[in-house]
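The structure under discussion appears below in the form of structure tokens.
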Amino acid sequence: MEKMNIERMNHLSIEDFKHNGVVIESLYRLVNMTAKRAGQLHKPDARPLVSPISRKPVITALQEVLEGKLWYRTGAENADEYEIV
């Protein structure tokens with residue numbers, strides 16, 4: 001993957017968000033996963049899994065997904081779980 005920068009973040013599509021060759025199939029899932037992680041990153045003791053290109057937690061969370069550090073798995077009874085890879 002090319003080096004992530006804030007300019008590239010402006011031109012992303014859902015197809016750019018993949019892990020082990022699997023593209024995230026739902027924009028809702030991406031938004032949900034990113035919002036949950038951004039909430040965690042907003043806490044003072046949180047540490048990002050990547051070298052952040054922005055101070056904004058949402059951008060950092062998206063960057064973590066893009067770099068393959070954060071993904072989802074489907075749990076029992078369709079309950080989604082998010083994991084740090």
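The values are calculated or read from the model by the stated rules, or taken from the named source; none is laboratory data. Here the structure is a predicted model, which means the values were calculated and not measured. Reconstructed Cβ throughout: ideal geometry from the backbone, glycine too, with neighbour counts over all protein chains shown.
The table below gives the values:
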item: Some residue of the stretch 44-60 being surrounded by fewer than 13 Cβ atoms within 10 Å (Cβ to Cβ) and either closer than 19 Å to residue 6 by Cα or touching a Lys or Arg at 6+ places or on another chain (Cβ under 8 Å) (or both); result: yes
item: Qualifying residue in the stretch 16-29 (condition: modelled with pLDDT under 85, assigned to a helix (DSSP H, G or I) and either surrounded by 16 or more Cβ atoms within 10 Å (Cβ to Cβ) or touching a strand residue (DSSP E or B) at 6+ places or on another chain (Cβ under 9 Å) (or both)); result: yes
item: Pair list, Cβ under 8 Å, 6 or more apart: the stretch 55-68 residue touching a residue at least 40 places away in the same chain (Cβ under 8 Å) and small (Gly, Ala, Ser), other residue in a loop (DSSP other than H, G, I, E, B) and surrounded by fewer than 20 Cβ atoms within 10 Å (Cβ to Cβ); result: 68/20; 68/85
item: Criterion violated by residue 36 - all others in (1) surrounded by 10 or more Cβ atoms within 10 Å (Cβ to Cβ); (2) part of a loop (DSSP other than H, G, I, E, B); (3) not β-branched (Val, Ile, Thr) satisfied; result: (2)
item: Test: residue in the stretch 53-69 that is touching a helix residue (DSSP H, G or I) at 6+ places or on another chain (Cβ under 8 Å), outside any helix (DSSP H, G or I) and under 14 Å from residue 18 (Cα atoms); result: no
